[in-house]
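Participant: Sharing a structure, written as structure tokens. Questions coming.
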Amino acid sequence: DTAVSQTPKYLVTQMGNDKSIKCEQNLGHDTMYWYKQDSKKFLKIMFSYNNKELIINETVPNRFSPKSPDKAHLNLHINSLELGDSAVYFCASRPPGQGSEAFFGQGTRLTVV
Amino acid sequence: GDSVTQMEGPVTLSEEAFLTINCTYTATGYPSLFWYVQYPGEGLQLLLKATKADDKGSNKGFEATYRKETTSFHLEKGSVQVSDSAVYFCALSDLGSRGSARQLTFGSGTQLTVLP
């Protein structure tokens with residue numbers, strides 16, 4: 001059973017389009033994250049949800065919006081896609097506790113053309 | 001705010017060589033420290049962690065010691081293998097300004113390539 005699953009794995013789309021990436025975790029964790037990884041492997045946190053409440057938003061453009069229909073899901077919606085949005089997006093979940101391990105999905109490679 | 005500074009890569013070693021990847025951090029509280037590894041085409045997975053000063057995390061021959069006095073958490077392995085080729089990330093977790101918020105902040109990653 002996959003603990004954190006993301007769909008799709010690959011996404012190629014044109015500039016200006018709107019797209020969504022889905023994330024589901026079956027671990028019962030109450031905190032979920034979205035990270036953006038650029039071509040140099042740098043990881044930038046985008047959003048964090050704790051019990052369906054947004055906790056962190058690191059100056060991400062408002063074209064990006066997280067949606068959490070329930071504790072097990074945290075989807076990422078992106079409007080008006082730009083070339084600079086091309087990256088690998090990772091979803092992760094984590095149980096309570098500062099020393100707890102985060103579990104990552106396999107990533108979604110987004111290419112904007 | 002919190003930050004993690006990692007040794008820049010890429011690092012290329014021969015099999016059985018000794019590995020050190022340096023990591024230092026800045027945090028306002030008493031963070032937990034982690035090393036994550038990312039194999040090609042995969043997500044990150046936890047390699048080891050330490051939750052308080054002087055703790056040593058270890059896994060698969062890798063070790064790192066939480067040094068509060070030098071704010072460091074350097075990753076070491078005595079003899080690397082080709083299968084260790086991956087990107088390694090140092091990370092810290094601290095309570096955010098909202099108390100219950102737990103940020104997980106990553107360093108820039110270090111690409112390791114081990115040659116046979």
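Participant: Out of all the residues in the stretch A:4-23, which are out of contact with any Pro (no Cβ under 9 Å at 6 or more places or on another chain), away from every other protein chain (no Cβ under 14 Å) and not in a loop (DSSP other than H, G, I, E, B)?
Facilitator: A:Leu11, A:Val12, A:Thr13, A:Lys19, A:Ser20
Participant: Assuming A:Thr2 fulfils every condition listed in (1) at pLDDT 90 or above; (2) more than 16 Å from A:Tyr89 (Cα to Cα); (3) not basic (Lys, Arg) apart from one, which condition is it?
Facilitator: Failed condition: (1).
Participant: Here is a list of conditions, (1) within 14 Å of chain B (Cβ to nearest Cβ); (2) over 10 Å from the mean Cα position of the chain (by Cα); (3) surrounded by 19 or more Cβ atoms within 10 Å (Cβ to Cβ), and A:Gly99 meets all of them except one; can you say which number that is?
Facilitator: (3)
Participant: Also, I was wondering about something else. Restricting attention to the stretch A:102-113, report how many residues are crowded, with 19+ Cβ neighbours inside 10 Å and assigned to a loop (DSSP other than H, G, I, E, B). Talk me through it step by step, then tell me what you get.
Facilitator: Just the residues of the stretch A:102-113 that are crowded, with 19+ Cβ neighbours inside 10 Å, to begin with: A:102-105, A:107-108, A:110, A:112.
Adding the requirement that they be assigned to a loop (DSSP other than H, G, I, E, B) leaves A:102, A:105, A:107.
The qualifying residues number 3.
Participant: Do the conditions hold for B:Thr105, that is, is it part of a strand (DSSP E or B) and farther than 25 Å from B:Gly1 by Cα? First the steps, then the outcome.
Facilitator: Values: part of a strand (DSSP E or B): yes; farther than 25 Å from B:Gly1 by Cα: no.
Criteria not met by B:Thr105.
Participant: Is it the case that some residue within the stretch B:11-18 is touching a residue at least 60 places away in the same chain (Cβ under 8 Å) and closer than 21 Å to A:Asn57 by Cα?
Facilitator: Step one: of the stretch B:11-18, the residues touching a residue at least 60 places away in the same chain (Cβ under 8 Å) are B:11-18.
Checking the rest, the ones that are also closer than 21 Å to A:Asn57 by Cα come to none.
No, the stretch B:11-18 contains no residue that is touching a residue at least 60 places away in the same chain (Cβ under 8 Å) and closer than 21 Å to A:Asn57 by Cα.
Per-residue answers, yes or no, for (1) within 19 Å of B:Thr110 (Cα to Cα); (2) within 15 Å of the chain's Cα centre (by Cα):
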site	(1), (2)
B:Glu8	yes, yes
B:Thr12	yes, no
B:Ile21	yes, yes
B:Gly29	no, no
B:Tyr36	yes, yes
B:Gly41	yes, no
B:Lys56	no, yes
B:Asn59	yes, yes
B:Thr65	yes, yes
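Participant: Run down A:Ala92, A:Ala87, A:Ala72 and say which single residue is among the hydrophobic types (A, V, I, L, M, F, W, C), within 19 Å of A:Lys9 (Cα to Cα) and in contact with a Lys or Arg (Cβ under 6 Å, 6 or more places away or on another chain).
Facilitator: Working: A:Ala92 fails: in contact with a Lys or Arg (Cβ under 6 Å, 6 or more places away or on another chain); A:Ala72 fails: in contact with a Lys or Arg (Cβ under 6 Å, 6 or more places away or on another chain).
That would be A:Ala87, the only listed residue that is among the hydrophobic types (A, V, I, L, M, F, W, C), within 19 Å of A:Lys9 (Cα to Cα) and in contact with a Lys or Arg (Cβ under 6 Å, 6 or more places away or on another chain).
Participant: Restricting to the stretch A:31-67, what's the tally of residues that are crowded, with 16+ Cβ neighbours inside 10 Å, within 11 Å of chain B (Cβ to nearest Cβ) and either outside any strand (DSSP E or B) or in contact (Cβ under 8 Å) with a residue 40 or more places away in the chain (or both)?
Facilitator: 6
Participant: Quick one: how many residues across the stretch A:74-96 are buried (at least 16 other Cβ atoms within 10 Å of the Cβ) and more than 22 Å from B:Gln45 (Cβ to Cβ)?
Facilitator: Going through the stretch A:74-96 one residue at a time, the tally reaches 5.
Participant: A follow-up question, please. Considering only the stretch B:67-83, state which residues are more than 14 Å from the chain's Cα centre (by Cα) and not hydroxyl-bearing (Ser, Thr, Tyr).
Facilitator: Result: B:Lys68, B:Glu69, B:Gly78, B:Val80, B:Gln81, B:Val82.
Participant: Which one is farthest from A:Leu81 (Cα to Cα) among residues in the stretch A:1-15 that are among the hydrophobic types (A, V, I, L, M, F, W, C) and surrounded by 13 or more Cβ atoms within 10 Å (Cβ to Cβ)? Quick ask: steps written out before the conclusion?
Facilitator: Kept after step one, since they are among the hydrophobic types (A, V, I, L, M, F, W, C), are these residues of the stretch A:1-15: A:3-4, A:11-12, A:15.
Now narrow it down to the ones that are surrounded by 13 or more Cβ atoms within 10 Å (Cβ to Cβ): A:3-4, A:11.
Working: A:Ala3: 29, A:Val4: 25, A:Leu11: 12 Å.
Across the stretch A:1-15, the extreme among qualifying residues is A:Ala3.
Participant: A further question on this structure: Do any strands (runs of 3 or more DSSP E) lying entirely in the stretch B:1-99 carry at least 3 residues that are at pLDDT 95 or above, within 11 Å of another protein chain (Cβ to nearest Cβ) and surrounded by 16 or more Cβ atoms within 10 Å (Cβ to Cβ), and which ones are they?
Facilitator: Details: elements: B:3-6, B:11-14, B:19-21, B:23-26, B:32-38, B:44-50, B:56-59, B:62-65, B:75-77, B:86-95.
Fully inside the stretch B:1-99 and qualifying: B:32-38, B:44-50, B:86-95.
Participant: For A:Lys71, state whether it is under 19 Å from B:Asp2 (Cβ atoms) and either surrounded by fewer than 18 Cβ atoms within 10 Å (Cβ to Cβ) or among the polar types (S, T, N, Q) (or both).
Facilitator: Values: under 19 Å from B:Asp2 (Cβ atoms): no; either surrounded by fewer than 18 Cβ atoms within 10 Å (Cβ to Cβ) or among the polar types (S, T, N, Q) (or both): yes.
It is false that A:Lys71 is under 19 Å from B:Asp2 (Cβ atoms) and either surrounded by fewer than 18 Cβ atoms within 10 Å (Cβ to Cβ) or among the polar types (S, T, N, Q) (or both).
The values are calculated or read from the model by the stated rules, or taken from the named source; none is laboratory data. Since we're looking at a predicted model, the values are computed, not measured. Methodologically, a virtual Cβ is constructed for each residue, glycine included, from the backbone with ideal geometry; neighbour enumeration extends over all protein chains shown.
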